Amino acid sequence: MSGRRTVYEIYWEILVYCRTPRSFTAIINRCDLNSKSGQEYLEFLIVRKYLVTTRDGEKTRYVSTPAAAEFIALFSSLYQKLFDSQPDFRL
Amino acid sequence: MNEQTLDRFRTEIRHFYLVSLLNLVFAALAIAFGVSSIVTAILGQAAYPAIPGLRVLTGAIALICSGLGISWVVSTVRVFGGVEAIRDDLEAAGERITDDGITCLIVRMLAHYRDNRRIINTMILVCTLGGCGFFMLGLLNSLKALPFSPDGFGITTDNLLAIPAMLLTLGIALASLLSSYYFSRFAKAWDRRLHEIEESECALKKTLGLDES
C-alpha cells in the first residue's frame, strides 16, 4: 500500500502482514517504506511487544504477537465505523 | 465482517468511479469542442455579420475552455486511476472479502484521498469555471442559431446546424457543473471521515501505550 498514511495505519498494515513470519525486505516492500523508516516502525512494534523476531536459518523473520490482535481489532472497528452512517456520497 | 460497511463502501466507490469516468469523457469532449471552436473562430468559417467582434470573443472563450479541459483531464486521470484500482480490488474480492481486506481498502481510499485532496479541490474549481465558460460558449453559439441576417430574419440551414453544437456545449457545461457538485460532496464526505479518524487516534494511541496523560 502506498500514499499518505498515518503512523497508525502503517503499524496496522505491518501487524496484519506479519501474522505469518515475514522478512524485513518483504515488509518494507509491501508497506512501501524505506529501510530507515521501516526499521523505526519495526523497532517501535518490537519494544511494545506487538512484534517479535524469529530465526529461520540465517534469516530473521518478524511475526505479530497475540497482543497485536487488540490493536488490529480496534483499528478495524474504528475504520469500519466511518461507514456506520448512510453513505454521504451517492449519485 | 460488517456487511453494511461493505455495502456502503462499495456503493460509494462505485458511484465515485462513475462520476470520475463521466468526468473523463466530458473533459475529452470539452477539449475537442474547444479546439473545434478555436479553429472555427480563427478560420472565420462562421460569419456573425449581425454582431461584430463576436468571433474573437468566441475564440478567446474557446481557448480558455480548451485549457480548462486539458487541466480537467489531467486532474481526473490521476484521481480516476486510484479509484479504479480500489474498485477493481473490491470487485475481485467479491462477497468473500475478509475483515482485514475491507479495512485495507478503506485505508487505501483514505490515503488516496489525502494524496489527491488538493487536486480534487482544484477540480471543483476547474469544473465550475469550465461549466461557466462552456455555458457562455453555448450562449454565443446559440446566437448563431438565431435567424439574424443583414437582410432581416430568415431561418437558414446554417442556423439549424448550429443547434446541435449549441446543445452539445450546454450539455458539457451542465456535466461540468454537475461534476463540480459531486466532487464537492465527495470531498465533504471524506473530509468528515479524515476528521473522525483524527479524533479516534486517541484510542489507538492509548492502546499502543503512547498516551502519556
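General remarks:
- Of B:24, B:161, B:110, the one that fluctuates the most in a GNM where chain B has Cα springs shorter than 10 Å: B:161
- As computed over region B:3-207, the Cα convex hull volume per residue (Å³): 126
- Cross-link table A:36/B:206; A:49/B:206; A:36/A:81; A:49/A:81, entries beyond 21 Å C-alpha to C-alpha: A:36/B:206; A:36/A:81; A:49/A:81
- Annotation: peptides B:80-89, B:181-190, ranked by per-residue average of other Cβ atoms within 10 Å with the highest first, follow the order B:181-190, B:80-89.
- Taking the Cα atoms of the protein assembly as shown, the ratio Rg/Rh between the radius of gyration and the Kirkwood radius comes to 1.18.
- Cα long-axis angle, helix B:54-93 against chain B (0 to 90 degrees, to the nearest 10): 30
- Amide hydrogen proximity for residue A:51: with H placed 1.01 Å from N in the peptide plane, the residues at 5 or more positions away or on another chain lying under 5 Å are A:46, A:65.
- 3J(HN,Hα) along region B:170-185: 5, x, 5, 4, 5, 4, 5, 5, 5, 4, 4, 5, 5, 5, 4, 5 Hz, from the Karplus curve 6.51 cos²θ - 1.76 cosθ + 1.60 with θ = phi - 60°, whole Hz, x for Gly and Pro.
- Between 0 and 90 degrees, the angle of helix B:3-43 with respect to the longest Cα principal axis of chain B falls at about 20 degrees.
- When the convex hull of its Cα atoms is projected in every direction, mean area for region A:7-77 (nm²): 4.4
- Region B:175-211-region B:1-36 distance, computed between alpha-carbon centres (Å): 19
- Each residue of region B:132-141 was assigned a 3J(HN,Hα) from its phi angle through the Karplus curve 6.51 cos²θ - 1.76 cosθ + 1.60 (θ = phi - 60°); the sequence is 5, x, 5, 5, 5, 4, x, 5, 5, 5 Hz, with glycine and proline shown as x.
- Applied to region A:21-27, the Karplus parametrisation 6.51 cos²θ - 1.76 cosθ + 1.60 on θ = phi - 60° returns per-residue 3J(HN,Hα) values of x, 10, 7, 4, 4, 4, 5 Hz, with x for Gly and Pro.
- Long-range amide H partners of residue A:23 with built H, under 5 Å: A:62
Just so you know, all these numbers are worked out from the coordinates, no wet-lab data involved. Just so it is clear, the structure is predicted and the values come from calculations on it, not from any experiment. Methodologically, a virtual Cβ is constructed for each residue, glycine included, from the backbone with ideal geometry; neighbour enumeration extends over all protein chains shown.
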